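Heads up, the thing below is written out as structure tokens.
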Amino acid sequence: IRSGPTVSTPTGWTELYKGTVGGTLTFAGYYKVSNGGEGASVTVTVGSAREGAHNSYQINGQQSTPEAGLNTAGIDPPSLTPTWGLAKTLFLITGGNVDGGSTIGTTPTGYGTKIEIAEVNNAVCGSARRELEATSDNPAAWGTAGTGPCSATIAIRPA
């Protein structure tokens, strides 16, 4: 999620990472282990008169709590070494930007299935994924510039 200073998620969601960018913008990630009764959509609320953009994934077959690293100073997702060691891990990278032409830019090498959402007041949030059998991953930077760039790397342990 990329938004103004306040973010509200539906009941049952757990914060995975959250940081302030430039003192006024929030970049956050949340997750929920499904019980099957959630419905087909997710509603996220941001503070009034603020930009906001988000995207979500439904992931099946994961094990344990996801792990994440956060960079609130740039569009280069941080290196991440999950605690479970060598495994065919699902790595997700996210990035947020405002006033950058409503784009997150090119996807870093090795990542695919880019999702890019541009919302109110020129906020943008993007994500991409890769499965990698390794103990860590250090993604390259997203190919964009703009105001208030931020990024995160998320690791999801396979079942």
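The values are calculated or read from the model by the stated rules, or taken from the named source; none is laboratory data. Note that the structure is a prediction, hence the values are computed from the model and not measured. Don't worry about glycine lacking a Cβ; one is built from the backbone with ideal geometry, like all the others, and counts go over all protein chains shown. Each accessible area value is taken on the protein alone, full model and side chains, heavy atoms only, with ligands, DNA and RNA left out. Shrake-Rupley method; radii C 1.70, N 1.55, O 1.52, S 1.80 Å.
Numbers for the structure displayed
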read-out	value
Residue satisfying condition, being buried (at least 20 other Cβ atoms within 10 Å of the Cβ) and modelled with pLDDT of 85 or more, within set Leu86, Leu70	Leu70
Test result for Ala145, open to solvent by 40 Å² or more (accessible area, probe 1.4 Å) and either farther than 26 Å from Trp13 by Cα or at pLDDT 80 or above (or both)	yes
Candidate set: region 102-142, residues that are open to solvent by 30 Å² or more (accessible area, probe 1.4 Å), touching a Phe, Trp or Tyr at 6+ places or on another chain (Cβ under 9 Å) and modelled with pLDDT under 90; chosen: the one farthest from Pro77 (Cα to Cα)	Ile115
